Amino acid sequence: MKTIQELLKTRILILDGAMGTMIQRHKLEEEDFRRGWFENHDKSLKGNNDLLSLTRPEIIKEIHRKYFEAGADIAETNTFSGTWIAQADYGLEKYVYDINFQSAKIAKEVAAEFTALNPDKPRFVAGSIGPTNRTASISPDVNDPGFRGISFDELVDAYKNQVNALMDGGVDILLVETVFDTLNAKAALFAIDVVYEERKIQLPIMVSGTITDQSGRTLTGQTTEAFLISMSHMPLLTIGLNCALGASMMRPYLQILNQKASFGVSAHPNAGLPNEFGKYDETPEIMADQIKEFLDEGLVNIIGGCCGTTPEHIRAIAELAANYKPREIL
């Protein structure tokens with residue numbers, strides 16, 4: 001069976017779509033986030049989607065299955081908020097290992113099912129490592145610009161815990177995603193490096209930043225090229241962009257990565273921008289038509305979807321991408 005590094009050179013790989021969008025379809029209530037684990041917890045847990053890998057694993061399995069059926073090569077684990085920093089808001093720091101381990105295990109089981117059905121199209125699991133809800137570069141207090149809500153060492157500790165649990169659960173890739181603060185991402189990469197050294201094993205690493213608006217900068221002010229340079233000390237599988245923007249608005253910044261990156265390039269844009277109700281209106285056909293421009297220009301090695309995307313979006317993207325060659329890695 002070919003490795004993901006080998007496959008990356010032969011065809012465009014498909015990442016899955018939004019986990020949260022699919023979870024919302026189930027119209028879950030508070031009890032769904034507590035079942036079997038947190039019945040007596042003293043804080044509201046509704047909306048803490050990572051918990052569903054523990055309390056409603058059948059829902060998460062079904063979502064992974066639908067994305068693989070739609071043509072995804074890579075499924076992301078349900079662990080976007082899987083650090084003790086993010087879970088502290090719910091008082092669930094001590095459950096971080098369980099969240100990450102079970103999320104990885106669930107995704108890996110489904111991936112193995114699909115790989116067994118078609119060994120020529122192996123399926124992979126990417127451990128989703130979100131940015132946390134704190135930033136190491138910006139003060140949360142406008143009256144005290146020198147204050148920080150989190151330290152680099154705390155971020156490293158949180159990410160180490162998450163990475164170890166994801167690896168124990170069997171992930172194939174680690175995906176540091178939705179990077180709005182490069183210092184947070186550096187803490188994640190440092191933690192990964194430490195874990196790799198301790199475990200004497202290395203998995204491929206994907207890094208994906210988020211450009212917050214048409215200024216072309218991250219929340220902490222970096223341009224796309226500066227973000228790339230900041231991450232280039234690590235031997236990455238891919239560097240890319242996700243979230244915040246729809247496909248059409250993301251294209252200029254992918255062009256920069258295409259020109260400058262010595263790694264593979266990934267993109268998983270939103271289904272457009274949210275409307276006044278927070279919904280995403282771009283149909284699979286509209287989104288695929290925009291992504292066709294990425295493919296015509298040879299900008300990407302991995303393509304998928306972020307907020308608002310569904311298996312229908314991923315199917316349309318996968319069918320389109322099958323007709324194109326991947327970007328040549330510099």
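List of remarks:
- Residue list for segment 311-330, filter: in a helix (DSSP H, G or I) and either buried (at least 16 other Cβ atoms within 10 Å of the Cβ) or under 21 Å from the mean Cα position of the chain (by Cα) (or both): Pro311, Glu312, His313, Ile314, Arg315, Ala316, Ile317, Ala318, Leu320, Ala321
- Here no helices (runs of 4 or more DSSP H) wholly within segment 130-248 include at least 3 residues being in contact with a helix residue (DSSP H, G or I) (Cβ under 6 Å, 6 or more places away or on another chain), among the basic types (Lys, Arg) and closer than 27 Å to Asn258 by Cβ.
- Qualifying residue in segment 94-101 (condition: within 24 Å of Thr3 (Cα to Cα), part of a helix (DSSP H, G or I) and not hydroxyl-bearing (Ser, Thr, Tyr)): yes
- Unmet requirement for Met19, which otherwise passes all of (1) closer than 23 Å to Ala267 by Cα; (2) crowded, with 18+ Cβ neighbours inside 10 Å; (3) of a type outside the set (Phe, Trp, Tyr); (4) more than 17 Å from the chain's Cα centre (by Cα): (4)
- One residue stands out among those in segment 31-44 that are hydrophobic (A, V, I, L, M, F, W, C) and more than 25 Å from the chain's Cα centre (by Cα): the one that is farthest from Ile59 (Cα to Cα), which is Phe38.
- Residue in segment 309-320 that is more than 24 Å from Ser128 (Cα to Cα) and in contact (Cβ under 8 Å) with a residue 24 or more places away in the chain present: yes
- Tally of residues being surrounded by fewer than 14 Cβ atoms within 10 Å (Cβ to Cβ) and modelled with pLDDT of 95 or more across segment 261-282: 1
- The residue pairs whose first member lies in segment 260-278 and is closer than 21 Å to Ala126 by Cβ and among the β-branched types (Val, Ile, Thr), whose second member is at pLDDT 95 or above and in a strand (DSSP E or B), and whose beta carbons are closer than 8 Å, counting only pairs six or more residues apart or on different chains, are Val265/Thr238; Val265/Ile239; Val265/Gly240; Val265/Ile302.
- Checklist (1) out of contact with any Gly (no Cβ under 8 Å at 6 or more places or on another chain); (2) closer than 22 Å to Leu183 by Cα; (3) crowded, with 22+ Cβ neighbours inside 10 Å applied to Thr220, failing item: (3)
- Search result, residues across segment 31-72 that are in a loop (DSSP other than H, G, I, E, B) and of a type in the set (A, V, I, L, M, F, W, C): Trp37, Phe38, Leu45, Ala70, Ala72
- Residues satisfying the stated conditions in segment 111-129, i.e. assigned to a helix (DSSP H, G or I) and under 20 Å from Ser53 (Cα atoms): Ala111, Ala112, Glu113, Phe114
- Within this structure, Leu28 passes the test of being aliphatic (A, V, I, L, M), over 15 Å from the mean Cα position of the chain (by Cα) and not in a helix (DSSP H, G or I).
- Here Lys108 clears all of (1) surrounded by fewer than 15 Cβ atoms within 10 Å (Cβ to Cβ); (2) under 15 Å from Asp172 (Cβ atoms) except the condition numbered (1).
The values are calculated or read from the model by the stated rules, or taken from the named source; none is laboratory data. Since this is a predicted model, take the numbers as computed values, not measurements. Cβ: placed from backbone, ideal geometry, glycine included. Neighbour counts: every protein chain shown.
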